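For reference, the structure discussed in these notes is given below.
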Amino acid sequence: MIRLKVNNYIFDNWLNVKVTRSLAAISGKFEISYTSNIDDPINPTDYLSNDDLCTLLFKDKPLITGYIDEISNSLDESSISFDITGRDKTGDLVDSANTNNNRSFKNVSLKFMAETLASPFGINVSGKSNKSNSIINNISLQQNETIWESISKLAKYQGVLAYPDHDGGIIFSDVASSVVTSLKQGENISSINFTQKDSEKFQTYRVYVNVGSPKNKHKKEIAEVIDNSVKRPRVKQVPITKSITLNEAKERAKWEMAKQIAKAFSLSIELPSWEYEDGKIWEINTLVNIDYPVFKLKGDFLIEETNFIFDENGFKTELKLVIKDAYNPTEERNSSKIGEEMSV
C-alpha cells in the first residue's frame, strides 16, 4: 500500500512512515523505516543511495516526488534497521543560492520568473491563480537570496499561495473557497488540540517605504493594515530588504498580518485514516467544516499542514488547521469569530 519507487525498484513493507506537507514550506518531506532479520538476504539500501530520485506512493498514487536526503543504518545481534528521509524536488530551491545571471525581470509574470529559476532543477510550475499570471513591470532579485526566497517574496506581494504538488512541482493558487467535507466530535475525530495565543497578534502592521527624491532623499511613506480584533495599540514594524512601491508594501503588510493571525490560532486534529470520502487523500489548501461543541468550535477551517503517519497502530492523519481567512490578506480585519461562537 505504501511503496517507495527508486532506480526502477519498488520497495514496500515499511514499518514506520511519516509524510509531511505544508502551506508554510514549499518542500514536503518523508521519513520511512524498516527492520529485518540479520539473515535477510534483501537489504533495500543495496539498491538505493543518497540523492537518488524517488517517489513515495500510497495506493499507487504519488505523495512526494523528490530525492533521498539521508540513509541511516543500525545493527544488533539479531536484526538490521534502516531509516530513509527525503524531500520534494523543491527542496533544492530552498537550499540553493540564486545564481541566475539575470538579476532582474521586466514585464513578466510570477509564474514565468519561477519557471525560469526552477527549470534547471527539472521542476514544473502550475499557475492556478490568475494573479500568478499577471504581468509585473519590474522584478529585482537580491544577491544574497536563495532561489525560493526570491520566488516566495514575490508570491507574497502578489497575494498568491505557493506550495508543493505530489510530483515535485510548485503550485501557485488562491486560497480554497469551497468545503470538501465535515469533521464532527464523536464521529470522525480521534483527538483534538486547540490553542490561542494573543501574544502573536498586533493591532497595526506597518511598512516604511522610501519615496525620496534628489531634493528629499529621506522622505518616507507608511503602508499599514489594521486588525481591529486586537484592542491594545500593539504595532509590528515589518522589515523590508529591497526598494518597493507603496502598493507592494501594503501587500507585504497584509501578508504579515495573515501570518501572525495563523500563528496565534493552533488547531490540530487526529483522524483514523489517510483518506476521506471516496478514497480522497487529505490535501493542504482545503477547507473543512469543524463541529466540536465541547470547545465551541463550529465553522470552516483551512488545512495548513498534513502529517500522514503509519506505525504499529496503523494509519492516522494529523491535520493542522487555521481560520479560513488567515491566508486571505486584507487591509483591515474586524473582530471575527471562529465559526459561530468563539472570538479569535
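The values are calculated or read from the model by the stated rules, or taken from the named source; none is laboratory data. All values reported here derive from a predicted model rather than from experimental measurement. Heads up, the Cβs are rebuilt from the backbone with ideal geometry, glycines too, and the neighbour counts pull from every protein chain shown. Note: accessible area is taken over every heavy atom of the protein model, side chains too, but ligands, DNA and RNA are not part of it. Shrake-Rupley method; radii C 1.70, N 1.55, O 1.52, S 1.80 Å.
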What percent of all Cα-Cα pairs in segment 160-272 falls into each 5 Å bin, going from 0 up to the bin containing the maximum distance? 2, 9, 13, 13, 15, 16, 12, 9, 5, 3, 2, 1, 1, 0
Write out the chymotrypsin sites (Phe, Trp or Tyr not before Pro) in segment 47-108 meeting two conditions: DSSP loop, and at most 15 other Cβ atoms within 10 Å of their Cβ. Tyr47
Could you give the C-alpha radius of gyration of the chain expressed as a fraction of 2.2 N^0.38 Å, taking N as the number of residues it contains? 1.12
Aspartates and glutamates whose Cα lies under 18 Å from that of Lys236, excluding same-chain neighbours fewer than 8 positions away: Asp198, Glu200, Glu221, Glu224, Asp227, Glu248, Glu251, Glu256, Glu331, Glu332
Would you work out the charge dipole size for the chain about its Cα centre, treating the Cβ of every Lys and Arg as +1 and the Cβ of every Asp and Glu as -1, and quote it to the nearest 20 debye? 2640 debye
Could you tell me what percent of the accessible area of segment 147-237 is made up of carbon and sulfur, with a 1.4 Å probe and every protein chain present? 43 percent
So if we plug the beta-carbon distance of Asn7 and Val94 into 1/(1 + (r/R0)^6) with R0 = 25 Å, what FRET efficiency do we get, rounded to 0.05? 0.55
Would you mind finding the longest exposed-site-free stretch of the chain, with exposed GluC sites (Glu not before Pro) meaning DSSP loop and at most 11 other Cβ atoms within 10 Å? 188-311
The chain: most fluctuating residue of Ser78, Ser182, Ser104 per GNM, C-alpha cutoff 10 Å: Ser78
Determine by what factor the alpha-carbon radius of gyration of segment 1-126 differs from 2.2 N^0.38 Å, reporting the quotient. 1.28
On a 28 Å Cα-Cα criterion, which of the cross-link pairs Lys29/Lys156; Lys111/Lys298; Lys5/Lys316; Lys128/Lys320 come out too long? Lys111/Lys298
Using a 1.4 Å probe and counting only protein heavy atoms, arrange Arg21, Arg103 so the residue with the most accessible area comes first. Arg103, Arg21
Between Gly279, Ser266, Asn228, whose Cα lies farthest towards the positive end of the dipole of segment 226-284 when Lys and Arg beta carbons carry +1 and Asp and Glu beta carbons carry -1, centred on the Cα centre? Asn228
Along Cα→Cβ, 7 Å out, is where each label goes; now give me the distance between the ones at Ser199 and Asp311 in nm to one decimal. 2.9 nm
Compute the helix-to-body angle for 147-158: its Cα long axis versus the longest principal axis of the chain, expressed 0 to 90° and rounded to tens. 50 degrees
Portion, in percent, of the accessible area of segment 53-92 that falls on carbon or sulfur, probe 1.4 Å: 47 percent
Dipole moment magnitude, nearest 20 debye, segment 125-278 about Cα centre, only Lys, Arg, Asp, Glu C-beta charged: 1380 debye
For the chain, modelled as a GNM with alpha-carbon contacts under 10 angstrom, which of Ser199, Ser22, Ser190 fluctuates the most? Ser199
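Charges only on Cβ, +1 for Lys and Arg, -1 for Asp and Glu: so what's the dipole of segment 1-93 about the Cα centre, in debye to the nearest 20?
Approximately 680 debye in magnitude.
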